[in-house]
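J.: Before anything else, here's the structure in question.
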Amino acid sequence: MKNTLYNQAATHSNSDRPPIWMMRQAGRFLPEYREIRQNHSFLDMMKNPDLATEITLQPIRRFGMDAAIMFSDILVTAEALGSDLDFVEKKGPVIANPIRSMDDIKNLPDVDMKTHAHYVYKTLNNLSSELKNTSTALLGFCGAPFTVASYMIEGGSSPDLRTVKTMMGHEPEILHALLNKLADISIDYLHLQIEAGAEGVQIFDTWAGHLSYLDFQSFSLPYIKKIVDGIKAKHSTPISVYSRYSSNFGPLFETLNIDVLSVDWQCDMAQMRQSLRPDLALQGNLDPLLLLGSRDTIKTRTLAILDSMKGDPGFIFNLGHGVIPQIDPDNVKLVVDLVQSYT
Ligand code: CP3
């Protein structure tokens with residue numbers, strides 16, 4: 001195992017400065033990404049291991065983050081289960097055959113994640129050798145069952161998950177059946193990513209913040225737990241969970257056998273540290289849209305987070321959600337430099 005700042009912080013044993021990486025650090029805010037994107041669709045890029053390797057490394061070369069997250073998407077598992085997936089400009093993911101009935105569930109294919117996502121493991125193999133003699137940690141990921149199921153049911157992004165909630169209120173057994181399938185294939189998927197070189201994995205539950213406290217316990221938490229327990233049965237690789245608008249679920253997340261909780265910008269990191277089990281590493285939580293602000297504002301807010309977590313052995317600096325395409329790369333550099341020179 002490589003000794004990285006990411007690994008030290010994730011295992012709550014970092015005595016150095018905090019590591020930093022950013023969700024969506026590879027993407028359209030980078031001119032070198034847009035140049036490749038001109039000639040390829042997003043799906044082509046993520047399914048081509050040479051391109052996916054190159055794009056993963058772009059932000060590492062430009063900014064020197066302490067972790068590289070493989071270039072891919074959480075909807076790989078949806079596609080494996082037969083979702084007819086496309087990424088439409090200005091709209092995001094669109095699924096032409098959404099799940100609406102128990103018959104749709106019965107027709108889901110049996111999936112072998114080893115063959116289905118072969119390009120992902122090849123990308124990780126490439127990255128693992130590229131990063132072998134560096135201090136940059138390599139991260140894999142998958143979507144949490146609730147978030148991936150939301151896309152599969154809504155047929156794309158939805159502001160309030162109205163179709164999912166209608167299903168929850170009428171035929172929750174359809175949703176549970178889908179969540180179970182997704183949890184099962186996500187276990188295989190993350191095992192294979194770890195075996196291909198991932199030194200940490202993050203489970204993204206971006207949409208869980210739309211659930212009530214009770215429904216989160218019914219429709220999200222048990223399926224993340226199933227994945228986490230499945231992975232921990234074989235590997236000690238650090239597991240991180242991210243969720244947006246859901247720091248109030250902290251007391252539920254901390255019951256999971258996870259190593260890192262990645263929180264959004266609404267909560268106070270120091271307060272989270274006080275209220276959660278002390279061996280849980282925390283990742284976050286600069287408001288990504290603050291990167292649209294002045295350099296002074298960015299600096300003040302970045303230092304405020306650093307100061308509030310100063311000396312914490314289990315703190316990983318990140319944004320509270322992903323970098324958006326409109327961000328000036330120089331502002332990302334400012335944050336990385338501030339964190340990496342912090343004493
Ligand atoms: O973080 C990284 O740099 C690694 C790559 C990564 C992408 N998506 C690349 C991507 C990761 C980890 C994701 C996860 C993901 N994908 C999530 C969870 C985290 C989050 O952002 O909430 C979700 C909900 C998705 C689903 C998804 N994929 C959406 C909603 C969109 C459209 C939004 C957008 O920014 O266009 C995508 C497309 C996508 N995924 C792009 C990238 C770089 C843009 C593709 C393009 O070039 O058009």
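Please treat every number below as a calculation from the coordinates, not as lab data. It should be emphasised that the depicted structure is a prediction, and the values quoted were computed from it without experimental measurement. FYI the Cβ positions are ideal-geometry reconstructions off the backbone, even for glycines, and counts take in every protein chain you see.
J.: Give me the distance in nm between label points sitting 7 Å out from Cα along the Cα-to-Cβ direction at LEU303 and ASN133, one decimal.
T.: The modelled label-to-label distance comes out at 3.8 nm.
J.: For SER262, what residues show an amide H to amide H distance below 5 Å, using hydrogens built from the backbone and excluding near sequence neighbours?
T.: VAL241, TYR242, SER243, GLN283
J.: What's the extension gain from ASP296 to ASP279 if we count 0.36 nm per residue and subtract their Cα-Cα distance? Don't jump to the answer; show the numbers that get you there.
T.: Details: separation 17, 0.36 × 17 = 6.12 nm, distance 3.35 nm.
So the chain would gain 2.8 nm between ASP296 and ASP279.
J.: Net charge near ARG277: determine it from the other residues with C-beta under 15 Å of the C-beta of ARG277, scoring Lys and Arg +1 and Asp and Glu -1. Don't skip to the answer; put the middle values down first.
T.: On the way: positive: ARG273; negative: GLU254, ASP259, ASP279, ASP312.
Residues close to ARG277 contribute a combined charge of -3.
J.: Please state, to two decimals, what the Cα-based radius of gyration of the stretch 44-120 comes to when divided by 2.2 N^0.38 Å (N = residues). Before the final figure, lay out each step's value.
T.: Values: Rg = 15.5 Å, N = 77, 2.2 N^0.38 = 11.5 Å.
Rounded to two decimals, the normalised Rg is 1.35.
J.: Lysine pairs in the stretch 150-301 with Cα distance under 27 Å, only those 8 or more apart or on different chains: how many are there?
T.: Lysine pairs meeting both conditions in the stretch 150-301 amount to 9.
J.: Something else about it: Taking each pair of distinct Cα atoms in the chain once, what is the resulting Kirkwood hydrodynamic radius in Å?
T.: When all Cα pairs of the chain are included, the Kirkwood radius is 20.2 Å.
J.: Mind checking which lysines have their Cα closer than 16 Å to the Cα of LYS2? Skip sequence neighbours fewer than 8 apart in that chain.
T.: Filter leaves LYS132.
J.: Need one number: nm distance between label points at GLU195 and LYS333, each 7 Å from Cα along Cα→Cβ, rounded to one decimal.
T.: 4.2 nm
J.: How far, in nm, would the chain grow between GLU171 and ASP103 when pulled straight, counting 0.36 nm per residue and subtracting the alpha carbon separation? Don't skip to the end; give the middle numbers.
T.: Values: separation 68, 0.36 × 68 = 24.48 nm, distance 1.25 nm.
Working it through step by step, the gained length comes to 23.2 nm.
J.: In a shell of Cβ-Cβ distance under 12 Å around TYR242, excluding TYR242 itself, what net charge do Lys and Arg (+1) and Asp and Glu (-1) give?
T.: Working: positive: ARG24, ARG244; negative: ASP205, ASP264.
Counting the neighbours of TYR242, the net charge comes to 0.
J.: Taking 7 Å along the Cα-to-C-beta vector as the label spot, tell me the ASN125-ARG34 distance in nanometres, rounded to one decimal.
T.: 3.5 nm
J.: Would you tally the net charge around ALA183, using a Cβ to Cβ cut-off of less than 13 Å, leaving ALA183 out, and scoring K and R as +1, D and E as -1? List each step's numbers first, then the result.
T.: Values: positive: LYS181, LYS225, LYS226; negative: ASP184, ASP188, ASP205, ASP229.
Local charge sum for ALA183: -1.
J.: A follow-up question, please. Relative to the present Cα-Cα distance, how much length would full extension add between THR163 and ALA96 at 0.36 nm per residue of separation? Walk me through the numbers on the way to the answer.
T.: On the way: separation 67, 0.36 × 67 = 24.12 nm, distance 1.49 nm.
Stretched out fully, the THR163 to ALA96 stretch lengthens by 22.6 nm.
J.: Further question: What percentages make up the Cα-Cα pair-distance distribution of the stretch 203-343 when the bins are 5 Å wide from 0?
T.: Result returned by the calculation: 2, 9, 20, 20, 19, 14, 10, 5, 1, 0.
J.: Around GLN202, which amide H atoms from residues at least 5 apart in sequence, or from another chain, sit under 5 Å from its own amide H, with H modelled in the peptide plane?
T.: Placed amide hydrogens put GLY140, PHE141, CYS142, SER240 under 5 Å from GLN202.
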